[in-house]
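Below you'll find the structure, written out as structure tokens, and then a few comments.
Computed from the coordinates by the stated procedures, all read-outs in this text should not be read as laboratory data. Here the structure is a predicted model, which means the values were calculated and not measured. Backbone-built Cβ (ideal geometry, glycine too); neighbour counts: all protein chains shown.
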Ligand SMILES: [Zn+2]
């Protein structure tokens, strides 16, 4: 190295460094717009307000969320560290009802997957939908006899019900109780759609006798081979909730289902690394009310917003009484965010997420 050349290089180096710094600043300015998924993913408690959904299932948020208790006599929440057991009170009430009805039908109890984040919105991982508190994933694995520990709920594997090559249901695993569970879920008037793997839809199409009217609600979709997805319609008190087109009146077992058993839907994604909508969305992409939802004060405690079958403080939160000041909503406990330590960061491995189209 020629020492003499150093002084000569310095101005150039300084200028180069300044340029790099400028470029860095510009990049920072561009990326300074926070992603909505980061903002919503950071909220640990719901916004205290009457229950209301804003926007669409895949582009929205909600207030007045309540938590499904971690355990009930007929359900267990899976992957609790994700903190996605929040929903519109109507959704949480329906999950509990399904768990009881399913048990009466001979299903031991529900393993409940993701519902929504406390205030909905896009998520850091997984789902495109589940944003307005009206979607829930239920495992197709029955609740085991012995209660699962919290650790088991994080790590227990789900059962894949479908052969990934043939896209047909694994006959050794499918039982009439699975069919009864889906029929029960589809039977509720508020349920508009149930998403299942095409193989599961085909199994129902091929085997359901008698009343087949409920098959209309069961829709084939990628993934959904270890769980089904239950979607309810926009609830009263949510004028800003955007509903989905009604499903066709027929059982959906004809041509549209046949398409799933062609090569086309399973072609690898041409652009697997392209960012997904949820990775790009900023607050500007969401309904404008979602900024207020994000800014609203936290519920006073986790307990205050945990749903207890219609008898707890959670219901006071859910009542559509817009004039009620947030301060009057309190739990029986001290109004401290006792739950703060209850939320561990989401582990990065070992969590089955809904698998989208192959190649994604
Ligand atoms: Zn889902």
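List of remarks:
- Between region 219-286 and region 47-76, the alpha-carbon centres lie 20 Å apart.
- Taking 0.36 nm per residue of sequence separation and removing the Cα-Cα distance, the residue 146/residue 269 pair yields an extension gain of 40.2 nm.
- Centre separation in Å (Cα based) which lies between region 83-100 and region 115-159: 12
- Ordering of 107-115, 239-247 by packing [mean C-beta count within 10 Å, highest first]: 107-115, 239-247
- Scoring 42-48, 171-177 by mean Cβ neighbours within 10 Å over their residues and listing the highest first yields 42-48, 171-177.
- Net length available on complete extension from residue 190 to residue 42 is 50.3 nm, with 0.36 nm assigned per residue and the Cα-Cα distance removed.
- FRET E, pair residue 242, residue 296, Förster distance 25 Å, beta-carbon r, rounded to 0.05: 0.75
- Burial order of peptide ranges 99-106, 131-138, 182-189 (average beta-carbon count within 10 Å, highest first): 131-138, 182-189, 99-106
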